[in-house]
Amino acid sequence: MNTTMDTLSVKKSKSGKLEESLHIKRLKTGSQIDAVLYRVKYRDRDTRQIVVYIPTLDITGYGSTDANAEEMLRYSLDNYFDFLISLTPKKMAQELSDKGWKHNKLRNKDYSRAYVDMDGKLKEFNAVADKVDIELIEF
């Protein structure tokens, strides 16, 4: 499955409240995933690598440049979404539930993420000068 990760659009986060979502559609011709996720980006204090991290999926990309880190993140997301689509609906729901996602019973293909306090998570990063950028990605 190709999730067309080359067409990511990025928006700056204006609020501390995260309202992320996943919409997973299985079709006879393939599968489609639409997502709104927050991404954290920073330079690691020890390795000096650029790190991009999606906390709600626990997926990371890193590299010596922004482009390298983004490429690794796209690759990791594509692999994770391929894995999700390969699961039965019940196992997919369990996998996402284990990561804190809730299945929307009214909209069968939608998953939403409960409120996440990013301030608490930011303290765990080893960022240079404790500078962390949070961006919303939609695809």
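The values are calculated or read from the model by the stated rules, or taken from the named source; none is laboratory data. Fair warning: this is a prediction, and the values are worked out from it, not measured in the lab. Every residue, glycine as well, gets a Cβ built from its backbone with ideal geometry; the counts of neighbours run over all protein chains shown.
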Count of region 83-107 residues which are among the charged types (D, E, K, R) and under 20 Å from Y53 (Cβ atoms): 3
Scan region 118-135 and tell me whether some residue there is among the acidic types (D, E) and at pLDDT 85 or above. no
Report yes if some residue within region 24-44 is under 23 Å from V128 (Cβ atoms) and loosely packed, with under 15 Cβ neighbours inside 10 Å; otherwise report no. yes
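Yes or no, residue by residue, for (1) at pLDDT 90 or above; (2) surrounded by fewer than 19 Cβ atoms within 10 Å (Cβ to Cβ); (3) farther than 19 Å from I137 by Cα; (4) small (G, A, S):
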{"residue": "V52", "(1), (2), (3), (4)": "yes, no, no, no"}
{"residue": "P55", "(1), (2), (3), (4)": "no, no, no, no"}
{"residue": "Y62", "(1), (2), (3), (4)": "yes, yes, no, no"}
{"residue": "A67", "(1), (2), (3), (4)": "yes, yes, no, yes"}
{"residue": "E71", "(1), (2), (3), (4)": "yes, yes, no, no"}
{"residue": "R74", "(1), (2), (3), (4)": "yes, yes, no, no"}
{"residue": "N79", "(1), (2), (3), (4)": "yes, yes, no, no"}
{"residue": "T88", "(1), (2), (3), (4)": "no, yes, yes, no"}
{"residue": "S97", "(1), (2), (3), (4)": "no, yes, yes, yes"}
